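Everything below concerns the one structure shown next.
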Amino acid sequence: MVRFEVVMKEICIHGRGGQGSLVLAQFMAIAALEDGKYGQAFPFLGAGGERRGKPIVAFCRLSEEPILPRCRVSEPDYVIVQDATILGEVSVLNGLKPGGAILINSRKRIDELAVPSNGSLRIFCFSAEDLAQSILGRSIMNTALLGAFAALTHELSLEAVLQAVHRKFPGTVGEKNAQIVKASYERVMEDRT
């Protein structure tokens, strides 16, 4: 019998209560469905609950096959950090697989942040808040990080991400968020070349 290994990608999204970490994970799961894949998104609020400003983590799984695990992600392929100040409070790199990638929302350069590098880790800093502020007039960063994640990892297609945004936000709000997705996707693609 020939067995094929199912490749599932796991993502940890670190943020603070009120920043929309779960919403970002949900966007990713919806985009996976748009791509013909399976997606799963859920939060872990910890002992303090989802109090505004407290560190929280959301998880997302993406797979070509049905997703059976229903537990927290302990060995992510990717880490997204919505608030760089968390780097001093939470060990966001715990369990990150070799060759993994971390996407950090920050105006700072990588060498200005307290992120240990082991050589195989890919680190990308991107000011999602500034991009959202310039288009939405508010620093809501979810769709900017969604577009940046798609460009950085190629786990989700740009088309699927845009469809997910339009599903969640119809009308003018959806159009503005789609602009943010496209702008962040293009910025990351330019920076990678």
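The values are calculated or read from the model by the stated rules, or taken from the named source; none is laboratory data. What you see is a predicted model; the values in this text were computed from it and never measured. Note that we place each Cβ from the backbone using ideal geometry, even for glycine, and neighbour counts take in every protein chain shown. Each accessible area value is taken on the protein alone, full model and side chains, heavy atoms only, with ligands, DNA and RNA left out. Shrake-Rupley method; radii C 1.70, N 1.55, O 1.52, S 1.80 Å.
Overview of values
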item	result
Test result for ILE11, under 20 Å from GLU159 (Cβ atoms), touching a Pro at 6+ places or on another chain (Cβ under 8 Å) and touching a residue at least 12 places away in the same chain (Cβ under 8 Å)	yes
Odd one out for ILE86 among (1) over 24 Å from ALA32 (Cβ atoms); (2) free of Cβ contacts under 8 Å to residues at least 40 places away in the same chain; (3) among the β-branched types (Val, Ile, Thr)	(2)
Residue under evaluation VAL79, criteria (1) touching a residue at least 40 places away in the same chain (Cβ under 8 Å); (2) surrounded by fewer than 17 Cβ atoms within 10 Å (Cβ to Cβ), criterion not met	(2)
Residue among VAL188, VAL181 that is open to solvent by less than 10 Å² (accessible area, probe 1.4 Å), of a type in the set (Val, Ile, Thr) and farther than 24 Å from GLY17 by Cα	VAL188
Of all residues making up region 117-142, the number that are open to solvent by less than 20 Å² (accessible area, probe 1.4 Å) and more than 27 Å from GLY95 (Cβ to Cβ)	2
Some residue of region 107-114 being in contact with a strand residue (DSSP E or B) (Cβ under 6 Å, 6 or more places away or on another chain), more than 16 Å from ILE11 (Cβ to Cβ) and among the small types (Gly, Ala, Ser)	no
Matching residues in region 152-176 - criterion: being open to solvent by 10 Å² or more (accessible area, probe 1.4 Å) and either over 26 Å from MET8 (Cα atoms) or of a type in the set (A, V, I, L, M, F, W, C) (or both)	LEU152, LEU158, LEU162, PHE169, PRO170, GLY171, THR172, VAL173, GLU175, LYS176
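Quick grid of which residues meet (1) under 17 Å from SER184 (Cβ atoms); (2) open to solvent by less than 20 Å² (accessible area, probe 1.4 Å); (3) part of a loop (DSSP other than H, G, I, E, B):
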| residue | (1), (2), (3) |
| --- | --- |
| PRO66 | no, no, yes |
| CYS71 | no, no, yes |
| SER74 | no, no, yes |
| SER91 | no, no, yes |
| LEU103 | yes, yes, no |
| ARG107 | yes, no, yes |
